[in-house]
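Below is one structure, written out as structure tokens; comments come after it.
The values are calculated or read from the model by the stated rules, or taken from the named source; none is laboratory data. Computed from a predicted model, the values in this text were never measured in an experiment. Here the Cβ positions follow ideal geometry from the backbone for every residue, glycine too, while neighbour counts run over all protein chains shown. For the accessible areas, the whole protein counts, side chains as well, though only heavy atoms, and no ligand, DNA or RNA atoms are used. Shrake-Rupley method; radii C 1.70, N 1.55, O 1.52, S 1.80 Å.
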Amino acid sequence: MNPFMVLIGAALVNNYVLTQFLGMCPFFGVSNKTETALGMGFAVLFVMTLASAITHPFYHYILVPLNAGYLQTVVFILIIASLVQFVEMFLKKSFRALYASLGIFLPMITTNCAIFGVTLINVKDPHSFTEAVVNSAGAGIGFLLALLLLAGVREKSDNNPDIPEIFKGFPLALFSAGLMSIALMGFQGLIKF
Amino acid sequence: MSYYKLLKKGIVDENPIFIQLVALCPLLAVTTSAINGISMGLSTAAVMVCASAAISVLRKVIPNEIRIAVFVIIVAGFVTILELLMEAYAPPAINEALGIFIPLIVVNCMVFSRLEAFASKNGVLPSAADALGMGLGFTLGLMTLGVIREFLGNGSVFGFELLADPSAHVLIMLMAPGAFFTLGVIIMVMKFYRAHRAYFRATKGGLSG
């Protein structure tokens, strides 16, 4: 399949956050401010793409020939955890500016179900290596987009005195996410699979 | 603390869904019907009880610096066992509906918070009771959402047809937005109750007082 179509499909049509509920914790946890949302979004996009680029060949060239496909849960989570640690050390050493903006989000990413979920989906569906990487990049972009949009809405609505007290905070975030999810349904049928 | 109190803490006082608001991914994703919700909840509870008991046994052996990594591996091991059991014995429809959310139990923040906060500091039986309470509280949350969404979206509860007329079904409740709306309304009601708790207590729940 055309990689561009895969990218659009993962980012908009099948947005992993708003239609498949992956990565709910950071989606509601760090969407109070647009700045932090941006940092978290980019950190997820970066680690997600890298994680799929490693787990996909690992599964197909090591686990499958050894007949050990059932070990994927254990192996993937270890790969992601060590990858996150490695990325953190690398950024700290080589890219101080980037580390300053993304650093605090990296430890949280290890237990981010969006990253683990996308790597699992990539080996469950018959994706080639390119498709898998592009699919996770699209998923990361979709996550970034959804997080940023929700943060924008919450920044405005949490300071609005017209909103009743029991609506504020979590309920309003959930209703906004629901409306965003309905809006994203408009992309359905954009791509014929 | 008595075992009864440990169980009640997880199910009522510190309910992971309604009070702590953790573990939202499986909560929103699999609750299209009450049965799916219960299956997911009980699977998670089983993994939690096993992992909590195992880590409680090993708590004096695990070095403090690498405890998170050890927790992850132990939980992943139990999840793999569960995955294989589900594939062998669970009805195919349920297995399909839960899908990747079974392996995703590994990264469930509720499981980790119990291991970190309770099982790594307490004995085997209290840890198992604590995990069971939290797991049942989680199941209760999933079931509530599942019942509401299944009734509104499909007109049935636990598969029993209550509203046969398809024009009364609100299809969007079964889709992604319905999950967000249902949880939003539930949390709003909880907030309303907490804000007016004194009033409800004084009038014994009656609205006319």
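Taking the stretch B:1-50, which residues are outside any helix (DSSP H, G or I), among the aliphatic types (A, V, I, L, M) and more than 14 Å from chain A (Cβ to nearest Cβ)? Across the stretch B:1-50, the qualifying residue is only B:Met1.
So in the stretch A:18-52, with the set limited to residues that are among the small types (Gly, Ala, Ser) and within 23 Å of B:Ile102 (Cα to Cα), which one is most open to solvent (accessible area, probe 1.4 Å)? Among residues in the stretch A:18-52 that are among the small types (Gly, Ala, Ser) and within 23 Å of B:Ile102 (Cα to Cα), the one most open to solvent (accessible area, probe 1.4 Å) is A:Gly29.
Selection within the stretch A:107-119: residues that are surrounded by fewer than 24 Cβ atoms within 10 Å (Cβ to Cβ) and within 13 Å of the chain's Cα centre (by Cα). The member of this set that is farthest from A:Thr73 (Cα to Cα) is A:Met108.
Of the residues in the stretch B:121-138, how many are small (Gly, Ala, Ser), in a helix (DSSP H, G or I) and more than 12 Å from B:Pro16 (Cα to Cα)? Number of matching residues: 3. Assuming A:Leu66 fulfils every condition listed in (1) surrounded by fewer than 18 Cβ atoms within 10 Å (Cβ to Cβ); (2) closer than 30 Å to B:Leu174 by Cβ apart from one, which condition is it? A:Leu66 satisfies all of (1) surrounded by fewer than 18 Cβ atoms within 10 Å (Cβ to Cβ); (2) closer than 30 Å to B:Leu174 by Cβ except (2). In the stretch A:122-136, the residue that is farthest from the other protein chains (Cβ to nearest Cβ) out of those that are over 11 Å from A:Ala51 (Cβ atoms) and open to solvent by less than 20 Å² (accessible area, probe 1.4 Å) is A:Asn135.
Of all the residues that make up the stretch B:111-121, how many are hydroxyl-bearing (Ser, Thr, Tyr) and within 7 Å of chain A (Cβ to nearest Cβ)?
In the first step, residues of the stretch B:111-121 are kept if they are hydroxyl-bearing (Ser, Thr, Tyr); the result is B:113, B:120.
From what's left, within 7 Å of chain A (Cβ to nearest Cβ): none.
Number satisfying all stated conditions: 0.
Looking only at residues that are assigned to a loop (DSSP other than H, G, I, E, B) and on the phi < 0 side of the Ramachandran plot in the stretch B:145-164, which one is surrounded by the most Cβ atoms within 10 Å (Cβ to Cβ)?
Among those that are assigned to a loop (DSSP other than H, G, I, E, B) and on the phi < 0 side of the Ramachandran plot, it is B:Leu163.
Answer yes or no: is there a residue in the stretch A:156-168 that is touching a residue at least 12 places away in the same chain (Cβ under 8 Å), open to solvent by less than 70 Å² (accessible area, probe 1.4 Å) and away from chain B (no Cβ under 14 Å). Looking for residues that are touching a residue at least 12 places away in the same chain (Cβ under 8 Å), open to solvent by less than 70 Å² (accessible area, probe 1.4 Å) and away from chain B (no Cβ under 14 Å), one finds at least one in the stretch A:156-168, hence yes. Residues that are among the β-branched types (Val, Ile, Thr) and either open to solvent by 40 Å² or more (accessible area, probe 1.4 Å) or not in a helix (DSSP H, G or I) (or both) within the stretch A:53-63 comprise A:Ile54, A:Ile62, listed in sequence order. Only residues that are away from chain A (no Cβ under 11 Å) and either on the phi > 0 side of the Ramachandran plot or not in a helix (DSSP H, G or I) (or both): list them for the stretch B:68-110, please. Those that are away from chain A (no Cβ under 11 Å) and either on the phi > 0 side of the Ramachandran plot or not in a helix (DSSP H, G or I) (or both): B:Ala90, B:Pro91.
Just one of the listed residues (A:Ala43, A:Ala53) is more than 13 Å from chain B (Cβ to nearest Cβ) and within 15 Å of A:Asn112 (Cα to Cα), and it is A:Ala43. Cβ-Cβ under 7 Å, sequence separation 6+ or interchain: first residue in the stretch B:138-156 and closer than 12 Å to B:Leu27 by Cα, partner open to solvent by 60 Å² or more (accessible area, probe 1.4 Å). Which pairs? Matching pairs, first to second residue: B:Thr139/B:Leu42. Taking the conditions exactly as written (out of contact with any strand residue (DSSP E or B) (no Cβ under 6 Å at 6 or more places or on another chain), away from chain A (no Cβ under 14 Å) and over 13 Å from B:Asp130 (Cβ atoms)), does B:Val57 satisfy them or not? It is true that B:Val57 is out of contact with any strand residue (DSSP E or B) (no Cβ under 6 Å at 6 or more places or on another chain), away from chain A (no Cβ under 14 Å) and over 13 Å from B:Asp130 (Cβ atoms).
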